[in-house]
Amino acid sequence: ALVVSFTLTLALAAAVGLTLTKFSRALTEAVDARYLIHAADLRSSIETGINLGLSLEEISANVEAIVTSRIAVDAGILSISVTDAGGESVFSISSATQLSDDAKVGLQSLDLLNSFDEVAGRVAIRYTVEGNQATIVAAARSLGFDAAILAALAAALVFLTCLVVLTPIPRRLRA
């Protein structure tokens, strides 16, 4: 009964570990995709002005309004920067979000293209995934608690089964 209970507990622990790893990876990919959508939307808005024949410097006021509104919408965005084709900063803004020393930071960056598909600049979004850690910890607690209950129930069932199956053996040995 102890061997079976121990094996079940190890199997459940492995399942919890694998589930958390997959969940963490899926959550990270979803967050990365979310900020890629932000970058693509910014790129589209800025390219509209570029496609009218204007340079990034000429539309910098519009770029500032677009970028400022975007950073106000999402608290996870740390900074947004727009650079021209030469890599010179046209506009850059940072949020007031304070990060811990071990915070994970991501970056999504896309080229800005003009009407001739030439690179006219780049938009880059730095973001934090710190809020995701709390989600992963909550999932780990929930899965761990559920696995512990399941292991305890399985152990009790194994012990009861062993008692039922093994109880007649001493009687038969005496007879």
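Observations on the structure shown:
- Candidates Leu160, Leu42, Leu20, ranked by Gaussian network fluctuation over the chain, Cα under 10 Å, top entry: Leu160
- Length-normalised contact order of the chain in % [C-alpha pairs under 8 Å, at least 6 apart]: 28
- Computing FRET efficiency as 1/(1 + (r/R0)^6) for Arg171 and Thr7, where r is the C-beta to C-beta distance and R0 is 25 Å, gives about 0.30.
- The C-alpha atoms of the chain define a longest principal axis, and helix 60-73 lies at about 20 degrees to it.
- Along the range 14-28 the Karplus relation, 6.51 cos²θ - 1.76 cosθ + 1.60 evaluated at θ = phi - 60°, assigns HN-Hα couplings of 5, 5, 5, x, 5, 4, 5, 5, 5, 5, 4, 5, 5, 5, 4 Hz to successive residues, with x for each Gly and Pro.
- Spherically averaged projected area of the chain from its Cα convex hull (nm²): 14.6
- Debye, to nearest 20: dipole size of the chain, +1 on Lys, Arg Cβ, -1 on Asp, Glu Cβ: 2000
- Inter-label distance, Ala103 to Phe23: 2.4 nm, where each label sits 7 Å from its Cα along the C-beta direction.
- Volume per residue of the convex hull around the Cα atoms, evaluated for the range 79-175, comes out as 195 Å³.
- Cα centroid separation - the range 14-46 against the range 86-155, whole Å: 7
- Potential extension, Leu113-Glu58 segment - 0.36 nm per residue separation minus Cα distance: 18.2 nm
No value in this document is a laboratory result; all are computed from the given coordinates. Remember, it's a predicted structure, so these values are computed and weren't measured experimentally. In this analysis, Cβ positions are derived from the backbone assuming ideal geometry, glycine residues included, and neighbour counts consider all displayed protein chains.
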